[in-house]
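Here the structure comes first, spelled out in structure tokens, and everything after it is commentary.
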Amino acid sequence: MTTRLVGRGFFRFSWRRRGTEGTRRGQASIGSAGERRVILSGVQPSGVPHLGNVFGAMGTWRQLLRHGDTQGETQGSLSMFCVADLHALTVTPDPGLLRRRCRITAAALVACGVDPARSALFLQSQVPEHTELSWILGCLTTTARLSHLHQWKEKSRGLADLGSLGLLTYPVLQAADILLYRATHVPVGEDQAQHLELTLDLARAFNHRYGNYFPLPQAVLSDFPRIRSLQDPSSKMSKSQLPTSSSSSSSSSSSPPAGRPGRRSSLGSVLISDSDAAVRLKLRRAVTDSLPGVSYEPAARPGVSNLLALHAAALGLRHPGLVPCGGGGGGSTPRGYKEELAEDLLRLVVRPLRSRFLRLMAGESVPSLDGGGGSGGGGLTWTSPGDYGGKEFGSCEEEEEEGDEEEEGMGEEERGDVGGDLSRWGFLGRVLEEGRERASRVAAHNLREVKLLVGLAP
């Protein structure tokens, strides 16, 4: 079953059954009032998120949490968010880099609205039941099934050793992440939908063999247009995007100067840690076209349409075509519109998020984001941003010159803590420790019942 979150205002559901043609759609809510609901989502620690993440997966998370407030969840309802550091081992990162990215990711999640008071936020590796259930589920699937998953085919292509066992089996661990908490709703990206199908198959196989224990989780996908790369609108916004032939053929006004390798990829995404100067530069050099006016036409004007989708998300509008362009802000031309968009993004999104993120990275606490549907920020209703000691998170020049610095969004002064002691992370460490305790209680209870069912416990 696939459930879709649409337009940041109401929910649409669709489902497909094997052997059935077509897709049903209709207006529905995610769980009725008083119904027990368990949300589970995990994110790999890949560094500072960009606005595509903020308005995609993270926006969906906030909508689910807010929907639970308005629908009157029962006391048994849960919201679980894990930093999937075990999954990150499939690319064998440097240990210090992995720890730093875990901290960055946790801080970004809280900054973007995952409320520790209502949700358990924890590191996946600190709840060992994940790997134990993964083994049990792994015994219910085959290597042939795993080797046919598209992500295995893509990531193992060209590797001399065909990829690690962890890369092959990490969809099983992903299924364990979900089923361990008996999740009912799972916010996922479209590229992960096939893995959720595996989760559903494993839940059905377990239920058929051992008894009806696992609920069948619903995938929650955003129907809002995906935010694309500012340099290549045919690709999604990504920190790791490389130059493409289409982007290299764009107009000179949108291209970085020659002789600066790697700059095109750094200009393709806006990070929540970007300085004001970096945001303005990236928007100014975003790929558009030479046509007059600003209009939402994804097929004919992909670059301009991508900017309108970004603007609509920041303004909380349900469709990019509703963005008011050129209202005295010079937005009647793509060039003037970029300036208008940059100022709205900074005011509504980047500055508030950057402030919260910096405070969390410094070990300070931050107030919860208002869960109401006020104006601005895609309904995210940011708290007052202010300046964190007048310090900006790196400069535009630093971002262009240092590829790794850009990916992490971290200046040298922010790199002091690379240890694994959560107590050194201040407020953020306490959040993760409390989240681990809450997650561990649920995980231990559910795994004990699973082991009883399969005969592993007396």
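The values are calculated or read from the model by the stated rules, or taken from the named source; none is laboratory data. Fair warning: this is a prediction, and the values are worked out from it, not measured in the lab. Positions of Cβ are generated from backbone atoms using ideal geometry, with glycine treated the same way; all protein chains shown enter the neighbour counts. The accessibility values were calculated without ligands, DNA or RNA, using every heavy atom of the protein model including side chains. Shrake-Rupley method; radii C 1.70, N 1.55, O 1.52, S 1.80 Å.
Some notes on this structure:
- Per-region count, region 344-377, residues at pLDDT below 50 and within 23 Å of LEU281 (Cβ to Cβ): 1
- Per-region count, region 216-237, residues touching a strand residue (DSSP E or B) at 6+ places or on another chain (Cβ under 8 Å), surrounded by fewer than 21 Cβ atoms within 10 Å (Cβ to Cβ) and outside any strand (DSSP E or B): 4
- Being surrounded by fewer than 16 Cβ atoms within 10 Å (Cβ to Cβ), modelled with pLDDT under 95 and in a helix (DSSP H, G or I) is a property that GLY386 lacks.
- Where a residue in region 149-168 is modelled with pLDDT under 70 and its partner, wherever it lies, is in a loop (DSSP other than H, G, I, E, B) and open to solvent by 100 Å² or more (accessible area, probe 1.4 Å), with Cβ under 9 Å and at least six apart: SER156/LEU162
A quick yes/no check of all residues on (1) touching a Ser or Thr at 6+ places or on another chain (Cβ under 8 Å); (2) surrounded by fewer than 16 Cβ atoms within 10 Å (Cβ to Cβ); (3) at pLDDT below 95; (4) within 17 Å of LEU179 (Cβ to Cβ):
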| residue | (1), (2), (3), (4) |
| --- | --- |
| VAL91 | no, yes, yes, no |
| PRO95 | no, yes, yes, no |
| LEU98 | no, no, yes, no |
| CYS112 | no, no, yes, no |
| SER125 | no, no, no, no |
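- ARG318 fulfils the conditions (1) at pLDDT below 90; (2) open to solvent by 70 Å² or more (accessible area, probe 1.4 Å); (3) in contact with a Ser or Thr (Cβ under 8 Å, 6 or more places away or on another chain) except for a single criterion, (3).
- Residues within region 69-89 that are surrounded by 23 or more Cβ atoms within 10 Å (Cβ to Cβ) and at pLDDT below 85, tallied: 0
- Filter result for GLY420 (under 17 Å from VAL127 (Cβ atoms), modelled with pLDDT under 95 and surrounded by fewer than 17 Cβ atoms within 10 Å (Cβ to Cβ)): yes
- Flag for SER240 being modelled with pLDDT under 90, open to solvent by 50 Å² or more (accessible area, probe 1.4 Å) and either assigned to a helix (DSSP H, G or I) or not acidic (Asp, Glu) (or both): yes
- Matching residues, region 162-173, being under 20 Å from the mean Cα position of the chain (by Cα) and open to solvent by 40 Å² or more (accessible area, probe 1.4 Å): none
- Region 430-458, subset open to solvent by 80 Å² or more (accessible area, probe 1.4 Å) and of a type outside the set (D, E, K, R), residue modelled with the lowest pLDDT: PRO458
Conditions (1) assigned to a loop (DSSP other than H, G, I, E, B); (2) touching an Asp or Glu at 6+ places or on another chain (Cβ under 6 Å); (3) open to solvent by 20 Å² or more (accessible area, probe 1.4 Å), marked per residue:
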| site | (1), (2), (3) |
| --- | --- |
| ASN306 | no, no, no |
| ALA309 | no, no, no |
| ALA313 | no, no, no |
| PRO324 | yes, no, yes |
| TYR337 | no, no, no |
| GLU340 | no, no, yes |
| ARG347 | no, no, yes |
| LEU358 | no, no, no |
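- If you filter region 39-68 down to residues that are open to solvent by 10 Å² or more (accessible area, probe 1.4 Å) and of a type in the set (S, T, N, Q), you find that the one that is modelled with the highest pLDDT is GLN44.
- TYR296 meets the conditions (1) out of contact with any Leu (no Cβ under 7 Å at 6 or more places or on another chain); (2) open to solvent by 20 Å² or more (accessible area, probe 1.4 Å) in every case but one. The failed one is (1).
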